[in-house]
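What follows draws every value from the coordinates through simple rules; no lab data is involved. Since the model is a prediction, treat every value here as computed from it, not as a measurement. Backbone-built Cβ (ideal geometry, glycine too); neighbour counts: all protein chains shown.
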Amino acid sequence: MQAARGTAIDPETTAAAPAGRSRARVWALFATIAATAYAVDLVTKVLALDRLEGRPDVPVVGDLLTLTLVKNPGAAFSTGTQFTVALSCIAIAATVVVLVLSLRVRSRLWAVALGLLLAGVTGNLTDRLFRDPGPMRGHVIDFLMLPNWPVFNVADVCINVAAGLILVQAFRGVRLDGTRDHEPDDHEPGDQSGGRPDVEPDDAATASGPTAGDQR
């Protein structure tokens, strides 16, 4: 097939650009979610230290939600308080793993999940690295208290919401690249999807390359 000016059309090259833009948009969503949630966690901890330290608890919604300052040497919800250094090392490793996985993500829901997970892990890791009593042993700032529940922070919320979204994607069988577990990786007879990622219709349409009418 020849274009109007006699230049051959390469369907693979034509399809590669929209697919690349789709990956870039999904990664941008991941980065935006991670940066925004991390900033919220950081700001709320600074405010908690400024407004709550040395002061009585502040009821927000009656007895349902109370603001109280706790400096936690452990993990989420004040667990594992005797393993602060080990938790710091695990958090560093988890940060690297999430960043590596983010390079493969094409599903928007996976992008949101990984973005929240990165924000939560790095939010608490920042406290462990830079707060007293010292690097790798710093205490995490918690300030949100519910009845019969350990005090927590925004980073803990991000981690748990991310875990829920990851479970949803695993239950649906959706991989990082948007394809589903029951779909073959390559197009096979009888397979109408061709294993294409679970992306928005406009992305799927552009990723399929030019039609015969486009090549005429």
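Magnitude of the charge dipole for the range 95-165, about its Cα centre and with charges confined to Cβ atoms of Lys, Arg (+1) and Asp, Glu (-1), is about 340 debye. Listed values for the range 91-101 are Karplus-derived 3J(HN,Hα) couplings in whole Hz (6.51 cos²θ - 1.76 cosθ + 1.60, θ = phi - 60°), namely 5, 5, 4, 5, 4, 5, 4, 5, 5, 5, 5, and x replaces Gly and Pro. Across the range 143-160, coupling constants 3J(HN,Hα) worked out from phi with the 6.51/-1.76/1.60 Karplus curve, θ = phi - 60°, read 8, 9, 10, 10, x, 6, 9, x, 5, 9, 9, 5, 4, 4, 4, 4, 4, 6 Hz, and Gly and Pro carry x.
Diagonalising the gyration tensor over the Cα atoms of the range 122-185 and scaling each eigenvalue by 5 before taking the square root yields semi-axes of 34, 17, 6 Å, largest first. Sequence-ordered 3J(HN,Hα) estimates for the range 161-175 from the Karplus curve with 6.51, -1.76 and 1.60 and θ = phi - 60° stand at 5, 4, 4, x, 5, 5, 5, 4, 5, 5, 5, 6, x, 9, 7 Hz, glycine and proline given as x.
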